């Protein structure tokens, strides 16, 4: 506020800027300190961009290589690594000149949940039979009212609720990606008008038999990746837009089909409605579970079989202390899972949500972003039916953060959503550019002092 008031005291008069400090004019060499401060502030207005270092260029080419169990996308700005052959959908990335600070996003799996309480994901609301019954009873069942109205109706309601809670035909609400087999497509360079990117996909091709009733996910879950050589504005079917920077990796989640547990309960839910239990139809959601972590390593061992086969190293070896959620620092050192509910992201009035990692010893920090909208498509003709709001929740999980991107019920249709990762520049306290600015400021201050001593008049810093 002091700086704001100081600027406010500078105003235009008689064709030029004359300096006022509070109620007193700078006269005859008095308050030279005020003139000095003013000079520095004016320079800060004139040269604000010199304090930031840009992380982007007009075009950022990259190399693709595979060594040992890891595949790398690399250029002078960013290095991205993931298990070769797409064995697991996880990405490690870092500012190329700072391999000691490695950021990790691991795609853990998809979770069906009940959305009677909230639209965003809470672990307590998994779409399991007994939890579904519990949420219905908590929201829509009034035992006293139904007991007064009719004992027969009460017995019918209790019977249906019991059948829901003991239903045996539901699949596990959690589809773990790590326990499935994935395939990685060959990379392709793509040019569309002025936009250039590297394209490749992860496709879930096999769900093991020991996970019954989840085989419907085979060939229906895709992580569609684009590494951008150039900046681009993505126009999503004319419904919303967002920008991609050169060096950013977009990782679209595509769910071509989901077999909903709530759909299997439709006959029982309809019986409840006939008994005046107004359970809403399709009140469920699907959440993408990801883990965000950091690894403090001098280099990633390119032939480290243990790391590729046991990716729990990203959590057990993580050194993360804080992650910035929409600019607010959140400590993740303690494991809060099981002790409290996940916290929601509140505001949706933005182009993309952002989680940012601590930047370590360099100017550049890793980030994970996502668009707060998703597309629902007709799976037959691939046309867009609607766009829907994406909600998110997060929780500290002990040196890493669990993040859940949640999508509303989309029935027999397909879902598409657009997360991305990259590195971005942050202000440094002292940079070579700042040194140049300070030298210039010192020279201008000296000129101001000489003028004051010579003229012995009111200081007019900027004339017409």
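The values are calculated or read from the model by the stated rules, or taken from the named source; none is laboratory data. From a predicted model like this one, the values you see are computed outputs, not experimental measurements. Here the Cβ is made from the backbone with ideal geometry for all residues, glycine too, and neighbour counts use every protein chain on show.
Details
- Each residue in region 220-240 was checked for being assigned to a strand (DSSP E or B) and in contact (Cβ under 8 Å) with a residue 12 or more places away in the chain, and 13 pass.
- Output for region 175-189, where each listed residue is surrounded by 13 or more Cβ atoms within 10 Å (Cβ to Cβ) and either more than 16 Å from residue 83 (Cα to Cα) or not assigned by TED's automatic domain parsing to the domain that holds residue 290 (or both): 175, 176
- Count of region 191-224 residues which are out of contact with any helix residue (DSSP H, G or I) (no Cβ under 9 Å at 6 or more places or on another chain) and within 19 Å of residue 261 (Cβ to Cβ): 8
- A count restricted to region 360-412 and to residues that are in a strand (DSSP E or B) and either within 24 Å of residue 90 (Cβ to Cβ) or not assigned by TED's automatic domain parsing to the domain that holds residue 252 (or both) stands at 22.
- Leading residue by the ranking (modelled with the lowest pLDDT) among those in region 118-161 that are more than 40 Å from the chain's Cα centre (by Cα) and within 15 Å of residue 265 (Cα to Cα): 157
- Which numbered condition residue 256 fails, given (1) touching a residue at least 40 places away in the same chain (Cβ under 8 Å); (2) buried (at least 20 other Cβ atoms within 10 Å of the Cβ): (2)
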